[in-house]
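The values are calculated or read from the model by the stated rules, or taken from the named source; none is laboratory data. Keep in mind the model is a prediction, meaning the values are calculated, not measured. As a convention, Cβ positions derive from the backbone with ideal geometry for all residues, glycine included, and neighbour counts pool all protein chains shown.
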């Protein structure tokens with residue numbers, strides 16, 4: 001999912017001028033890179049197979065969470081986290097299969113297929129060269145450069161996994177069936193990227209495309225979102241006066257935005273009482289903001305207003321993922337006590353391939369909350 005990064009410096013220029021500059025730069029980059037790429041042997045161009053996704057990417061040590069909730073380590077000074085550990089232990093829903101399901105398997109196959117031909121490998125390398133060139137020479141942010149080039153595809157979950165996760169949250173929230181005469185369901189997805197995950201989540205929630213509002217800072221990605229039939233907005237200010245949504249989503253956004261607390265506040269405020277908040281995050285949580293800066297293609301810094309985690313010494317041998325889940329949930333609920341964790345699971349957060357590997361993945365928690373009335 002895309003980060004809530006600032007617009008590129010060239011954003012104030014007319015769209016035609018912006019595109020002309022980008023196309024001109026990409027033409028120069030392509031011309032200077034293509035010959036050297038074609039001169040390389042095929043083995044050099046071929047990326048390595050992505051890391052096999054293990055069973056551990058779907059599993060959680062619930063016993064550790066239960067032990068934490070029983071105050072076995074109260075001497076650590078982290079008493080406030082007991083409730084978070086108890087909630088996580090009680091609501092964890094493990095995937096039926098501890099291997100990639102059919103939908104993810106197809107995604108991995110498609111990612112690997114990109115490198116099956118020499119043309120695909122050369123095109124991928126050219127895209128990455130252009131990705132860096134747009135940041136280095138035009139000051140574009142990573143989000144805008146990636147969106148403009150359709151550089152990578154990010155995978156959160158299958159529609160079936162979203163539906164299984166949301167089953168308890170939707171029932172608890174009492175979301176009525178629109179067919180019974182209730183108002184149609186609606187979804188706000190903040191940081192929607194290309195909309196692939198938004199579409200699956202909307203289908204799992206029973207939200208029609210015209211009921212989806214997708215918030216995305218990248219103008220290139222907003223075009224892709226509108227092509228799906230979604231309403232696309234660049235900033236939260238554009239949603240003033242909009243009726244409450246029955247559901248909102250923050251899918252791998254909070255660790256890449258400048259004001260994660262403000263983003264969470266906005267998402268919670270946008271949901272009607274009794275509605276649902278779907279949230280995905282990589283754990284352990286590690287925040288970093290990328291920004292466009294001419295001469296600094298990988299410019300990154302810490303967020304200006306980071307999430308506030310409980311201090312103190314964690315127990316020895318605490319599992320990193322479970323520890324991260326407790327810290328993250330505690331910080332979230334401490335800020336918004338009206339958020340009630342209904343169900344959560346652990347899944348791999350997968351990215352389509354680059355020039356080194358056909359795919360990569362990170363450990364991710366996918367959570368569904370009911371916004372209590």
Residue check, residue 277 against (1) in a helix (DSSP H, G or I); (2) touching a strand residue (DSSP E or B) at 6+ places or on another chain (Cβ under 7 Å); (3) touching a residue at least 60 places away in the same chain (Cβ under 8 Å), all met but one. Which one?
(1)
Residues within the stretch 85-109 that are surrounded by 14 or more Cβ atoms within 10 Å (Cβ to Cβ) and over 19 Å from residue 363 (Cα atoms), tallied
2
When residues of the stretch 236-267 are filtered for being out of contact with any helix residue (DSSP H, G or I) (no Cβ under 9 Å at 6 or more places or on another chain), under 26 Å from residue 163 (Cβ atoms) and assigned to a helix (DSSP H, G or I), how many remain?
2
Counting only residues that are touching a strand residue (DSSP E or B) at 6+ places or on another chain (Cβ under 8 Å), modelled with pLDDT under 85 and in a loop (DSSP other than H, G, I, E, B), the stretch 289-314 contains a total of 3
Report, by residue number, each residue of the stretch 222-238 that is in contact (Cβ under 8 Å) with a residue 12 or more places away in the chain and touching a strand residue (DSSP E or B) at 6+ places or on another chain (Cβ under 6 Å).
222, 225, 230, 231, 232, 233
Do we have residue 366 as closer than 30 Å to residue 123 by Cβ and outside any loop (DSSP other than H, G, I, E, B) here?
no
Given the condition more than 17 Å from residue 107 (Cα to Cα), touching a strand residue (DSSP E or B) at 6+ places or on another chain (Cβ under 6 Å), assigned to a helix (DSSP H, G or I) and in contact (Cβ under 8 Å) with a residue 12 or more places away in the chain, answer yes or no: does some residue in the stretch 139-146 qualify?
yes
Name, by its number, the condition in (1) in a loop (DSSP other than H, G, I, E, B); (2) farther than 30 Å from residue 60 by Cα that does not hold for residue 225.
(1)
Residues of the stretch 45-67 being outside any helix (DSSP H, G or I), surrounded by fewer than 19 Cβ atoms within 10 Å (Cβ to Cβ) and at pLDDT below 90, in sequence order, are 46, 48, 49, 51
Determine if the stretch 354-366 includes at least one residue that is out of contact with any strand residue (DSSP E or B) (no Cβ under 8 Å at 6 or more places or on another chain), within 22 Å of residue 156 (Cα to Cα) and either modelled with pLDDT under 95 or surrounded by fewer than 22 Cβ atoms within 10 Å (Cβ to Cβ) (or both).
yes
Taking the residues in the stretch 139-174 that are at positive phi and at pLDDT 75 or above as candidates, determine which candidate is surrounded by the fewest Cβ atoms within 10 Å (Cβ to Cβ).
150
Check residue 326 against each of (1) farther than 19 Å from residue 253 by Cα; (2) touching a helix residue (DSSP H, G or I) at 6+ places or on another chain (Cβ under 6 Å) and name the one condition it does not meet.
(1)
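Conditions tested, residue by residue: (1) surrounded by 21 or more Cβ atoms within 10 Å (Cβ to Cβ); (2) within 18 Å of the chain's Cα centre (by Cα); (3) at pLDDT 95 or above.
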| position | (1), (2), (3) |
| --- | --- |
| 316 | no, no, no |
| 319 | no, no, no |
| 330 | yes, no, no |
| 349 | yes, yes, yes |
Taking residue 93, is it in contact with a helix residue (DSSP H, G or I) (Cβ under 7 Å, 6 or more places away or on another chain) and modelled with pLDDT of 80 or more?
yes
